[in-house]
Every structure is written in C-alpha cells, then in structure tokens.
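Report on the following structure.
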Amino acid sequence: MDIVYLIAEKIIRKQKHTYHRETGIDYTSNRENEKKQIKKIPRSIKCIQDESGEYLISEKNAKDKIIYYIHGGGFCFGSPASKRMFTLYLVQNYGYNVYAVDYALAPEHPYPEGLNDCVRAYQKLLEKYDAKNITMIGDSAGGNLVVATLLEVNKKKTPLPASFILLSPTLQYVEKTESFIKNNPTDCMVDGETFIEEVRDIYLKENDIEKLKLPNYSPLNGDFSNFPKSYVIVSDSESLYDDSVSFKKRMDEYGRECELDIYHNMMHTFPVIPMFKVSKPVLKKMEMFIDKSFKEA
C-alpha cells in the first residue's frame, strides 16, 4: 500500500469525531484548521472568484465546457479553497476548467440555504454554458447536494447537465443501514454511529421520520426518471457504502445509466486526494467518463 496513503489515513482517523447532542462540535475551530491546508494556485492557473464561488481556469482547456464541483464536509466544513488539491488536479489534467461553489454551511446556515446556493450557481453557469457542456462532481455531502440540485432544477424543467459523478455520497437520513454499523470501525472519517443524528440536528433541523423520507431531505428517494448518466465511486469499508449501492439500484429502477465502482478497504472519498497512488487510476476513469459523456451529449 502507498505509504503516503497510510500516513494520511492515520492522521485523518485521529480527527474523526463522534457527535454528541449534549456537547456538540466546535465547527469554527475545525474550519480555521482547514485554512492551514489551502493549496496555492500556480501561475499557469487563473482563479476568478465571484459571489457564489470560484473558477479555476487554464488557457489550454476547452472554453465551452465546465466541471461544476460541489465539495463535501458533512454540510458543516469545506470550501472551494480547501479542496483545491482536487480541483487543481482536474484543471491541470482533464482539459476542462472547474467552477467550485462556495455554499453556505451549517449550523449557521441550515437546510435549505446551502442547497439554494448550489441551485443558483448551476443556473448562473447555464448563462455561460450549454447544459450538455456541464458535468457535475460531488463528494460525500457534496454528492448529496449534486443529487438534490438536479432534483430541484428538474422540477423547474431546467436543462440538466451531460453527466454527474458521486464520490461516496450521503443520500438518506431515515435509517442507519448495515454499513453504518458494520463499517464504522473501518471508516477513518465518518462516524456511522452518530452521523445521521448529526445531519438531522445540525443541517436538516428535522427529526420527524416521515418528513425525512421526503426527497428534499433524503434525495435517495427522489424521482430520477430524467437524470443524466452517472458514475458512482465508493469503498466497501466505509459507513456510507450502502447509500451508493442504493443509489445505483434506484437509478436502475428508473432505467437511467449509472456505473458503480466499488473499491476495497479504501478511505471515504479517497479520489479527492490525487497524491495517492491508488487515486490515479480512479481519476483516469473519471476523466474518461466525462470525456465520453460530453461527446455523447
């Protein structure tokens, strides 16, 4: 196994938190720590920020196509800047520029504020790009927001993108499925015992099970009949494994194209760290998927 991966896994495991309703989490200090890890932008890449997020642009890349990226972080952490290791890799290696949305975070800004930001950012991209020239990528909570954004814009008959990629998405808050419990010891990042409770309390502000079954809270239960092709990547050792498998089944039920790749004993959303040797072939497959979806759109 890659030594860099093993070192990173140990560090991340030490930062894994368990949510306790009585004491909560110090989200502010964790966000401050993220700022120490922001990757500098090379001179060859332009960073253009607007009120909704940031564009990372290389003059060598296609001018008419864009990757719309929604970062993860449990709805409470993360930013376009903190995920530049991943987005810069995409810009420098895929031949496409990236727009990363800077959506509002809980607990200060609970549902649906962050989702509304993601929907508005997509609508703004449509002013510059044809929908068939947009693809979306979301990891973890970002994967949730990708699916939720598609459900929202589809209600308005807004054109959907050519494709989307989900990296270990979190998609339902109704029950702790088997992987939440079984894989909690092997997941170095997401605490399967308390994650759903934390999302309900901090992001969704909802604990009524019947309401949580609705697609606006649990997008896994949405109508995917008009969804574009998708590619889902997950590890069989993480707490959110069942969400990805269930999403594939739901897409199959609607007759929509969905490719699911399951990796063994890998950390949550590992492809967003390109320095891992194990991430390289996965990132290449993602690139090929995006290329193909643009050609076929």
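Summary table below
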| read-out | value |
| --- | --- |
| Which numbered condition residue 174 misses (of (1) surrounded by fewer than 23 Cβ atoms within 10 Å (Cβ to Cβ); (2) aliphatic (A, V, I, L, M); (3) in contact with a His (Cβ under 7 Å, 6 or more places away or on another chain)) | (3) |
| All positions within segment 15-30 that are assigned to a helix (DSSP H, G or I) and more than 22 Å from the chain's Cα centre (by Cα) | 29 |
| Among the candidates 66, 70, 25, 57, residue that is at pLDDT 95 or above, of a type in the set (A, V, I, L, M, F, W, C) and in contact with an Asp or Glu (Cβ under 9 Å, 6 or more places away or on another chain) | 70 |
| Test result for residue 248, free of Cβ contacts under 8 Å to residues at least 40 places away in the same chain, buried (at least 17 other Cβ atoms within 10 Å of the Cβ) and over 30 Å from residue 131 (Cβ atoms) | no |
| Output for segment 85-104, where each listed residue is surrounded by fewer than 19 Cβ atoms within 10 Å (Cβ to Cβ) and either under 20 Å from residue 195 (Cα atoms) or touching a His at 6+ places or on another chain (Cβ under 8 Å) (or both) | 104 |
| Qualifying residue in segment 164-179 (condition: under 21 Å from residue 293 (Cβ atoms), touching a strand residue (DSSP E or B) at 6+ places or on another chain (Cβ under 8 Å) and either among the β-branched types (Val, Ile, Thr) or without any contact (Cβ under 8 Å) to a residue 60 or more places away in the chain (or both)) | yes |
| Any hit, segment 87-96, residues being on the phi > 0 side of the Ramachandran plot, modelled with pLDDT of 95 or more and assigned to a loop (DSSP other than H, G, I, E, B) | yes |
| Test: residue 82 is touching a His at 6+ places or on another chain (Cβ under 8 Å) and surrounded by fewer than 24 Cβ atoms within 10 Å (Cβ to Cβ) | yes |
| Exclusive hit being part of a strand (DSSP E or B) and exposed (fewer than 15 other Cβ atoms within 10 Å of the Cβ), set 38, 48, 67 | 48 |
| Selection from segment 146-162 of residues that are in a helix (DSSP H, G or I) and in contact (Cβ under 8 Å) with a residue 24 or more places away in the chain | 146, 147, 148, 149, 150, 151, 152, 153, 154 |
| Test: residue in segment 131-145 that is more than 19 Å from residue 271 (Cβ to Cβ), part of a helix (DSSP H, G or I), of a type in the set (A, V, I, L, M, F, W, C) and out of contact with any Asp or Glu (no Cβ under 6 Å at 6 or more places or on another chain) | yes |
| Qualifying residue in segment 248-270 (condition: assigned to a helix (DSSP H, G or I), over 30 Å from residue 155 (Cα atoms) and of a type outside the set (Lys, Arg)) | yes |
| Among the candidates 165, 137, residue that is under 20 Å from residue 48 (Cβ atoms), under 13 Å from the mean Cα position of the chain (by Cα) and among the aliphatic types (A, V, I, L, M) | 137 |
| Tally of residues being of a type in the set (Lys, Arg), without any contact (Cβ under 8 Å) to a residue 40 or more places away in the chain and either outside any helix (DSSP H, G or I) or in contact with a strand residue (DSSP E or B) (Cβ under 6 Å, 6 or more places away or on another chain) (or both) across segment 181-217 | 1 |
| Tally of residues being without any contact (Cβ under 8 Å) to a residue 60 or more places away in the chain and surrounded by 15 or more Cβ atoms within 10 Å (Cβ to Cβ) across segment 263-279 | 3 |
| Residues of segment 280-295 classified as in contact (Cβ under 8 Å) with a residue 40 or more places away in the chain and touching a Ser or Thr at 6+ places or on another chain (Cβ under 9 Å), total | 4 |
| Residue satisfying all of: in segment 3-35; within 17 Å of residue 74 (Cα to Cα) and among the hydrophobic types (A, V, I, L, M, F, W, C); surrounded by the fewest Cβ atoms within 10 Å (Cβ to Cβ) among these | 12 |
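The values are calculated or read from the model by the stated rules, or taken from the named source; none is laboratory data. These numbers come from a predicted model, not from an experiment. Cβ coordinates were reconstructed from backbone atoms using ideal geometry, including for glycine residues, and neighbour counts include every protein chain displayed.
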